[in-house]
Amino acid sequence: MSNEMMKIPQATAKRLPLYYRFLQNLYASGKQRVSSAELSEAVKVDSATIRRDFSYFGALGKKGYGYNVGYLLTFFRRTLDQDELTKVALIGVGNLGTAFLNYNFLKNNNTKIECAFDVDPKKIGTSIGNVPVYSMDDLERYLVEDEIPVAILTVPAPVAQMITDRLVKTNVKGILNFTPARLNVPSSIRVHHIDLAVELQSLVYFLKHYPMDIEPEE
């Protein structure tokens, strides 16, 4: 991502891809301008938050006019580095990993799973969703040769740290971790943990303990 992304709050940075996706849809439909209220209704983020998020990037809109869709789309494409392809490796071709390979972020122009790795001889040497599956023995070689900076981890939790230790020795700078394991990495590598079981438990908790008209704070 661009240097601009480094100067804004992380919560704002996480919302930018959401805004970008909606703006793509607006542009494709021929809409030329949009208000913060319309954006709010579409992405389910309150108008004040949207205006604050956009304010970090200067004057993106005009009071009484709203935002120019084409201008915003171009701005966020540049900010999110949408014109530059980021190669991704997937490690662990189980049920979840296979789903990722078949999906392969087709709606995102800037990310693509280039290769996958597994220990199952029946999967090694095949292709899933046009993505080749290689042996875990070749992990470091392929990641270094293809200069892959991002890895998705969908392996059993007991082996997650061991595989992460191997990733540290490659070009990988970011890991999307779908295992329950909390990974130890050097400060040069960023990890985003996505524990589906924890998220589900959190959802059930809020359903039981918070009124539906009150949103929990971030």
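Every residue, every condition in (1) acidic (Asp, Glu); (2) in a loop (DSSP other than H, G, I, E, B); (3) at pLDDT below 85; (4) closer than 30 Å to Val133 by Cβ, yes or no:
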| site | (1), (2), (3), (4) |
| --- | --- |
| Ala37 | no, no, no, no |
| Glu41 | yes, no, no, no |
| Ala48 | no, no, no, no |
| Gly58 | no, yes, yes, no |
| Leu72 | no, no, no, no |
| Arg78 | no, no, yes, no |
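Among the listed residues Ile194, Ile175, identify the single one that is surrounded by 15 or more Cβ atoms within 10 Å (Cβ to Cβ), modelled with pLDDT of 85 or more and under 17 Å from Ala89 (Cα atoms). Before the answer, list the steps.
Details: Ile194 fails: surrounded by 15 or more Cβ atoms within 10 Å (Cβ to Cβ).
Among Ile194, Ile175, only Ile175 is surrounded by 15 or more Cβ atoms within 10 Å (Cβ to Cβ), modelled with pLDDT of 85 or more and under 17 Å from Ala89 (Cα atoms).
Screening Asn102 against (1) within 16 Å of the chain's Cα centre (by Cα); (2) at pLDDT below 95 leaves a single unmet condition, (1).
The values are calculated or read from the model by the stated rules, or taken from the named source; none is laboratory data. Given the structure is predicted, the values throughout are model-derived calculations rather than measurements. Note: ideal-geometry Cβ built from the backbone for every residue, glycine included; neighbour counts use all protein chains shown.
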